[in-house]
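Below is one structure, written out as structure tokens; comments come after it.
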Amino acid sequence: MWRRLREAARRAKRNPLTVVGLLMVALVIVLAIFAPWIAPHPRDIQVVHPNDLFRPPSLEHLFGTDEMGRDILSRVIFGTRISLRIGTLVVVLALAIGLPLGIIAGTFGGLLDEILMRVTDIFLSFPPLLLAMAISAALGPRLENAMIAIAIAWWPWYARLIRSEAVSIRERAYVEAARAVGTSWPRILLRHVLPNCLAPVIVQASMDFGSVILTSASLSFLGLGAQPPTPEWGLMITVGRTFFLTHWWIVTFPGLAILLAVLAFNLTGDGLREILDPKAKRW
Amino acid sequence: MISYVTRRLALSLLSLLGVSIIAFTLTRVIPSDPADMWMGPHATVEQIERARIELGLDKPIPVQYGLYVAGFLRGDWGTSIVTKQPVLRDLGTYLPASIELILVGMIIAFAVGIPLGILSAAKCGTSIDHASRLLSITGVALPSFWLAMLLQLVLGKMLGLFPLSGRLDFTMEILHAPHRLTGSYLVDAVFTANWPVLRDALWHIALPAVTLAMYPLGLSTRLIRTTLLEVLGEDYIRTARASGMRESKVLAVYALRNAVGPVLTVGALTFGYSLVSTFLIESLFAWPGLGRYAAKAIVSVDYPAIMGVTLLVAATYVILNLVVDLVQAFMDPRIRLS
């Protein structure tokens with residue numbers, strides 16, 4: 001165990017970008033957990049200050065204030081909570097649908113597998129943002145609906161990924177051996193197939209964390225996700241778009257937060273792939 | 001080959017059928033009152049009742065689906081609540097401007113991304129490689145709508161290098177009115193030798209096209225790099241090197257040929273993605289295309305228009321993927337025989 005961890009750390013060190021990504025993810029998590037203590041004006045999530053509208057960045061308000069006089073830095077910090085919640089819920093929901101379907105279809109094959117492949121084909125016929133957009137437009141503009149919509153657009157990717165892993169694991173000698181000694185199918189799925197297809201799933205999930213944050217910000221920008229006064233980054237940019245030519249700080253900082261958060265998860269996912277999948281060492 | 005083509009065609013048809021089922025579900029089944037949605041937020045009770053009968057909501061669901069598909073095939077995609085025009089006609093009006101924008105964006109993306117990917121693979125592990133990797137990951141992580149505003153702010157307003165929005169200058173539109181042949185100002189200007197308009201149109205398309213280019217740029221750089229690195233490990237490359245072939249020739253003749261497939265795939269994929277990205281950025285640039293139409297439809301809950309755009313984009317995406325797969329199978333026997 002220790003040797004594997006040391007080996008992983010050694011490989012991570014060779015790629016400085018991975019370390020940067022991991023540190024950024026850690027920062028996002030710390031900000032989210034301690035937001036009320038770190039944010040300089042935690043009450044600005046709700047409270048407006050009619051006398052402090054459009055203040056440019058200063059020592060008092062490092063990121064300036066918005067059109068309601070609220071401290072943008074504090075809102076960006078609280079935004080980490082929302083983005084992390086969206087990322088976690090969507091990825092967990094998509095995995096909850098995709099993982100069991102993929103593993104069963106991949107292991108048993110047959111008609112079930114054929115049906116799953118055709119159904120996922122249909123979902124994959126949409127660019128994910130388009131499908132998420134159409135679904136959340138049908139469900140109505142709320143953050144919860146946007147999350148459900150993104151998860152519905154996302155599960156087929158997991159189902160396909162896990163299925164292809166399960167198909168290759170099905171043929172392995174240890175599965176044959178388990179079957180020969182009469183191990184029950186649920187046990188084979190849980191003890192043999194599932195653990196061995198987790199590595200690529202973890203890599204994909206951490207990459208998707210970034211894509212999901214970006215997608216939900218895009219939905220909010222279109223008016224389909226979070227609603228005011230939620231401190232959601234995409235929504236902050238939507239509201240600020242009216243003023244950005246005269247008050248640059250209103251959109252610049254929330255956008256930077258989106259970019260850095262997405263970047264953090266993508267770099268981490270990339271690095272994890274190198275660590276967990278030594279075959280793809282070059283990446 | 002024929003069996004591959006038949007299978008691929010059948011799968012695409014199945015996908016289109018599925019797309020129509022999803023669109024039907026979203027318009028007719030999920031909304032609590034489709035008639036309400038159909039008529040928009042300001043309808044009277046009588047209008048909604050009439051819509052219910054017009055939409056056939058009193059009939060069984062399979063019959064409703066049949067009528068829905070039949071309507072689409074006849075070209076009856078509903079009437080937009082905002083523009084009061086048939087949705088299909090609206091799409092025809094707005095699509096050319098978007099396609100022009102996306103194609104220019106993809107040209108920029110591939111012109112930068114392909115050389116960068118090659119360079120990155122050739123110098124694997126160096127600081128050039130790390131920098132291009134960071135650029136490609138950033139390209140994929142950038143919120144396009146935010147980049148659009150930053151470009152407008154810095155290059156447009158502060159430095160005054162590019163116009164903030166629109167397709168043409170207002171005076172240009174009056175002085176050198178472009179003739180509409182294809183709907184693309186660039187192509188039309190070239191055909192009619194209208195050079196002032198060409199210059200001005202290029203000027204205007206620069207910022208939105210660069211914004212759209214970032215995603216395909218990141219993706220293509222990355223894909224070219226991985227493909228080349230994979231190929232460079234093959235035995236025939238070692239043979240070529242061992243027989244004293246120059247490295248540049250190995251790259252250009254043997255390795256790059258394998259990158260054609262991935263480039264085509266990424267082209268089809270990102271064309272579809274870019275169509276959706278236009279929803280986010282066209283309004284910002286006042287670009288009169290499909291994206292601005294879609295964004296406006298979403299804000300005003302213009303259901304027929306939203307579904308029309310969704311179906312059009314999904315169908316384009318399916319068909320492009322089909323074409324790319326067929327072209328690849330035609331070029332590469334390994335695909336059609338497997």
- Could you work out how far helix B:45-54 tilts from the main Cα principal axis of chain B, as a 0 to 90 degree angle to the nearest 10? 60 degrees
- Query: Once every DSSP H run of n ≥ 4 in chain B is given -39500 (n - 2.57) and the sum is divided by its residues, what mean residue ellipticity at 222 nm do you get, rounded to the nearest 500 deg cm²/dmol?
  - Reply: -23000 deg cm²/dmol
- Query: To the nearest 10 degrees, how steep is helix A:198-221 against the longest Cα principal axis of chain A, on a 0 to 90 scale?
  - Reply: 30 degrees
- Query: On alpha-carbon atoms, Rg over Rh for the protein assembly as shown using Kirkwood Rh?
  - Reply: 0.97
- Message: Which residue, B:231, A:135, B:172, has the largest displacement toward the positive end of the dipole of the protein assembly as shown when charges sit on each Cβ (Lys, Arg +1; Asp, Glu -1)?
- Response: B:231
- Task: May I ask you to list the aspartates and glutamates whose Cα is less than 14 Å away from that of residue B:84, ignoring any residue fewer than eight positions away on the same chain?
- Result: B:76, B:302
- Query: Lys/Arg Cβ at +1, Asp/Glu Cβ at -1, dipole of the protein assembly as shown taken about the Cα centre: which of B:143, B:288, A:193 is farthest positive-ward?
  - Reply: A:193
- Folded to 0 to 90 degrees: helix B:260-281 orientation relative to chain B principal axis, Cα: 40 degrees
- Query: So what does residue B:179 come to for accessible area, using a 1.4 Å probe and Å² rounded to 10?
  - Reply: 120 Å²
- Query: Given chain B reduced to its alpha-carbon atoms as identical point scatterers, what log10 I(q)/I(0) does the Debye formula return at q = 0.08 Å⁻¹?
  - Reply: -0.51
- If each of residue A:111 and residue B:179 carries a label point 7 Å out from its Cα toward its Cβ, how far apart are those two points in nm? 6.3 nm
- Task: Give, rounded to the nearest 20 debye, the magnitude of the charge dipole that the protein assembly as shown has about its Cα centre when Lys and Arg contribute +1 at Cβ and Asp and Glu contribute -1 at Cβ.
- Result: 2140 debye
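How large is the translational diffusion coefficient of the range A:143-243 in µm² per second when you combine the Kirkwood radius over alpha carbon pairs with Stokes-Einstein at 10 °C and 1.306 mPa s?
Value of D from the Cα-based Kirkwood radius: 97 µm²/s.
Just checking the output field for A:128-136: average partner chain Cβ neighbours within 10 Å of each residue's Cβ? Kindly include the intermediate steps, with their values, before the conclusion.
Numbers: counts 2, 6, 11, 7, 1, 9, 12, 5, 1.
Taking the mean over all residues of the peptide, I get 6.
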- Message: In the protein assembly as shown, if the dipole is taken from +1 on Lys/Arg beta carbons and -1 on Asp/Glu beta carbons about the Cα centre, which of A:236, A:122, B:1 is farthest to the positive end?
- Response: B:1
- Listed peptides B:1-9, A:16-24 by packing density, highest first (mean Cβ within 10 Å): A:16-24, B:1-9
- Note on the structure: Dividing the helical contributions, -39500 (n - 2.57) per DSSP H run of n ≥ 4, by the residues of chain A yields a 222 nm value, nearest 500 deg cm²/dmol, of -23500 deg cm²/dmol
- Query: How much accessible area is lost when chains B and A come together, counting both sides, with a 1.4 Å probe, in Å² rounded to the nearest 100?
  - Reply: 4500 Å²
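Hey, with R₀ at 60 Å, roughly what FRET efficiency would residue B:10 and residue A:58 work out to, going by the Cβ-Cβ distance, to 0.05?
Values: r = 64 Å, r/R0 = 1.07.
FRET efficiency, residue B:10 to residue A:58: 0.40.
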- Task: Give me the distance between the Cα centres of the range B:1-28 and the range A:170-205, rounded to whole Å.
- Result: 33 Å
- So what's the gap between the Cα centers of the range B:271-338 and the range B:71-115, to the nearest angstrom? 8 Å
- Task: Let me know the Rg and Dmax you get for the range B:212-293 when you use only its Cα atoms, in Å.
- Result: 18.3, 58
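The values are calculated or read from the model by the stated rules, or taken from the named source; none is laboratory data. Predicted model only: the values in this text are computed from it and were never measured. Neighbour counts are summed over all protein chains in view; Cβ atoms, including those assigned to glycine, are modelled from backbone coordinates with ideal geometry. What goes into the accessible areas is simple: the full protein's heavy atoms, side chains included, and nothing from ligands, DNA or RNA. Shrake-Rupley method; radii C 1.70, N 1.55, O 1.52, S 1.80 Å.
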